[in-house]
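The structure appears below as structure tokens.
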Amino acid sequence: MPSITELLCALGLAEQLVGRTGFCIHPRQELRAVPKVGGTKSVNLKKIRALAPTHVIVNVDENRKETADALAEFVPNVLVTHPLGPLDNLALYRRMGAAFGKEEAAEQLCSRFEDEYQRILKMKFQKTRVLYLIWKDPWMTVSRDTYVSRTLALVGLQTLPASADARYPKLADLDVKGAETILLSTEPFRFRDTHVRDIRTKTGKPVHLIDGEMTSWYGPRAIEGLRYLAEFALRLRRELS
């Protein structure tokens, strides 16, 4: 899980990492020598078994349950994570800190996050209805029961649809009803400027790229992410006005 790997490094645990997914790319220098064990959905259990880790950290949204169950058969400690909103970062920092004897470093992260969070709460954001796209072919978005949606809501960006059966709904068509603007995330699908132009032409709506790492990664990047999103939301509102 990329954001968890980055968190472990921020806690001073880079030298204890024995494996990562191919998507775990930050911090680049520290991770360069850490072996890859597949992707978040396509984990190579044989490689992990050979590395003999004492702990493996998995995530409900990013990893398959059958993968976690298989790991539990030979890894002494499988830690399951599932942050659902910005404030869940505090519990995540402390849980990882406690698991690996890095409580002090975890508290430092908590302090930095809380400072930024309180600063955001004092700011005024006008509510803006957005369609936040994470995938193409098929089009996919986020429900309000997700970390992404709750983080965007903190700066006044309300995701559509207002209700959905799936946490990451597929859209039969690019339904933009009710949306003031469309946001194209740079991950997991790598939307680019060409997609901005195409979708703007298709829908007639304002379309903007948004940094997916700053929006969806918890861990230490969430601190910088709050600052990024506050500036993004204010700039977006000015443009729409």
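Out of P27, P76, P35, one residue alone is outside the structural domain of S143 (by TED's automatic domain parsing), at pLDDT 95 or above and in contact with a Ser or Thr (Cβ under 7 Å, 6 or more places away or on another chain). It is P76. Scanning the range 129-142 for residues that are farther than 20 Å from A233 by Cβ and either touching a His at 6+ places or on another chain (Cβ under 9 Å) or among the hydroxyl-bearing types (S, T, Y) (or both) turns up just one, K136. The residues listed here are P53, P86; of these, the one that is out of contact with any Lys or Arg (no Cβ under 7 Å at 6 or more places or on another chain) and either surrounded by 13 or more Cβ atoms within 10 Å (Cβ to Cβ) or farther than 24 Å from S143 by Cβ (or both) is P53. Among the residues making up the range 221-232, those that are in contact (Cβ under 8 Å) with a residue 60 or more places away in the chain and farther than 17 Å from G85 by Cβ are R227, F232. Taking the range 99-127 as the range and being in contact (Cβ under 8 Å) with a residue 24 or more places away in the chain and among the hydroxyl-bearing types (S, T, Y) as the test, only Y117 passes. The lone criterion from (1) hydrophobic (A, V, I, L, M, F, W, C); (2) under 28 Å from P206 (Cα atoms); (3) touching a helix residue (DSSP H, G or I) at 6+ places or on another chain (Cβ under 7 Å) left unmet by A105 is number (2). Name the single residue that is farthest from F232 (Cα to Cα) among those in the range 163-201 being out of contact with any strand residue (DSSP E or B) (no Cβ under 9 Å at 6 or more places or on another chain) and of a type in the set (S, T, N, Q). My answer is S163.
The single condition among (1) without any contact (Cβ under 8 Å) to a residue 40 or more places away in the chain; (2) closer than 30 Å to Q108 by Cα that T203 does not meet is (2). The criterion of at least 2 residues that are of a type outside the set (F, W, Y) and farther than 23 Å from V60 by Cβ is met by the following strands (runs of 3 or more DSSP E) wholly inside the range 135-232: 157-159, 181-185, 207-210. Looking across the range 107-133 at every residue that is closer than 19 Å to G156 by Cα and aliphatic (A, V, I, L, M), the one that is farthest from the chain's Cα centre (by Cα) is identified as M123. For the range 1-36, a residue qualifies if it is under 20 Å from Q108 (Cα atoms) and within 19 Å of the chain's Cα centre (by Cα), and the qualifying residues are S3, I4, T5, E6, L7, L8, C9, A10, L11, H26, P27. Does V58 qualify as being assigned to a strand (DSSP E or B), among the hydrophobic types (A, V, I, L, M, F, W, C) and either loosely packed, with under 15 Cβ neighbours inside 10 Å or at negative phi (or both)? Taking the combined requirement at face value, the residue satisfies it.
The values are calculated or read from the model by the stated rules, or taken from the named source; none is laboratory data. On a predicted model such as this, the values are computed, not experimentally measured, just so you know. For neighbour counting, all protein chains shown are included, and Cβ atoms are generated from backbone atoms with ideal geometry for every residue, glycine included.
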